[in-house]
Amino acid sequence: MNRHERRKQAVLERVALKDIDDGPIRHLTLPPLLVQRIQLLSQTIQGLYDPGDGIAGWLEGFQRDLDPESEVLIWERIARAFTQFMEGREPLLPDARRELLGIALTEELSCKHLSPADAQAFLDALRSV
C-alpha cells in the first residue's frame, strides 16, 4: 500500500497546537553532517516554519524524532519545493507562507491567502522533487 492509499484510510483529527506535548529527547546529539543539513534547511525555509528558539529549536525537534535522518529528508523535500516555487516570485506574506506549509503537510489546497493557481503550482513543485 502506498502513502496515498494509507492517507485515504487514515482518520484525521484536528488538535490545537497548545494541546500537543513534546515527545522525549531520543538523541542527545546528532551527527555533525545532519546538523549542517538542519542549519541549511532552517535558513532555506525561514518564515515558512519556525519551531522557536532559532536553530536550537530545529535541532531539538529533530532530537525528539525516532528517525531524524528520514525527517530531515522530508523537510529537505519541502525546502526544495519551496525554493522552486518561489523562483522569480515576489516574497509572500506570512499567512500565505503558512498556507504553503499546510499544503506540504496535508496536500490540501483550500487556501485564503494563495490563489488556487499558486496553491496548485506549489503542490506540483512538491510532487516533482
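The values are calculated or read from the model by the stated rules, or taken from the named source; none is laboratory data. In this text the structure is predicted, and so the values were computed from the model without any measurement. Methodologically, a virtual Cβ is constructed for each residue, glycine included, from the backbone with ideal geometry; neighbour enumeration extends over all protein chains shown.
Points to keep in mind about this one:
- Where TYR49 falls short, out of the listed (1) of a type outside the set (A, V, I, L, M); (2) surrounded by 11 or more Cβ atoms within 10 Å (Cβ to Cβ); (3) part of a helix (DSSP H, G or I): (3)
- Selection from segment 1-46 of residues that are at pLDDT 80 or above, of a type in the set (Lys, Arg) and surrounded by 10 or more Cβ atoms within 10 Å (Cβ to Cβ): ARG26, ARG37
- If you go through segment 82-93 and pick out every residue that is over 15 Å from THR44 (Cα atoms) and either part of a helix (DSSP H, G or I) or among the basic types (Lys, Arg) (or both), you end up with 1.
- Odd one out for PRO68, checked against (1) over 20 Å from ILE20 (Cβ atoms); (2) surrounded by 14 or more Cβ atoms within 10 Å (Cβ to Cβ): (1)
- Residues located in segment 94-118, provided they are under 17 Å from ILE45 (Cα atoms) and either out of contact with any Leu (no Cβ under 8 Å at 6 or more places or on another chain) or among the aliphatic types (A, V, I, L, M) (or both): PRO94, ASP95, ALA96, LEU100, LEU101, GLY102, ILE103, ALA104, LEU105
- Any hit, segment 48-55, residues being closer than 21 Å to VAL129 by Cα, out of contact with any Asp or Glu (no Cβ under 6 Å at 6 or more places or on another chain) and in contact (Cβ under 8 Å) with a residue 40 or more places away in the chain: yes
- Whichever residue in segment 97-129 is of a type in the set (A, V, I, L, M, F, W, C) and surrounded by fewer than 18 Cβ atoms within 10 Å (Cβ to Cβ) and, among such residues, is nearest to LYS8 (Cα to Cα): LEU105
- Some residue of segment 66-86 being modelled with pLDDT of 95 or more, in contact with a Lys or Arg (Cβ under 6 Å, 6 or more places away or on another chain) and not acidic (Asp, Glu): yes
- Taken across segment 5-19, residues that are β-branched (Val, Ile, Thr) and in a helix (DSSP H, G or I) do not occur at all.
- Here ILE55 meets each of (1) assigned to a helix (DSSP H, G or I); (2) within 24 Å of LEU12 (Cα to Cα) with one exception, condition (2).
- Set LEU30, LEU41: member being among the hydrophobic types (A, V, I, L, M, F, W, C), touching a residue at least 24 places away in the same chain (Cβ under 8 Å), part of a helix (DSSP H, G or I) and over 18 Å from ARG127 (Cα atoms): LEU41
- Taking the listed residues LEU101, LEU73, LEU59, the one that is out of contact with any helix residue (DSSP H, G or I) (no Cβ under 7 Å at 6 or more places or on another chain) and touching a residue at least 12 places away in the same chain (Cβ under 8 Å) is LEU101, with no other qualifying.
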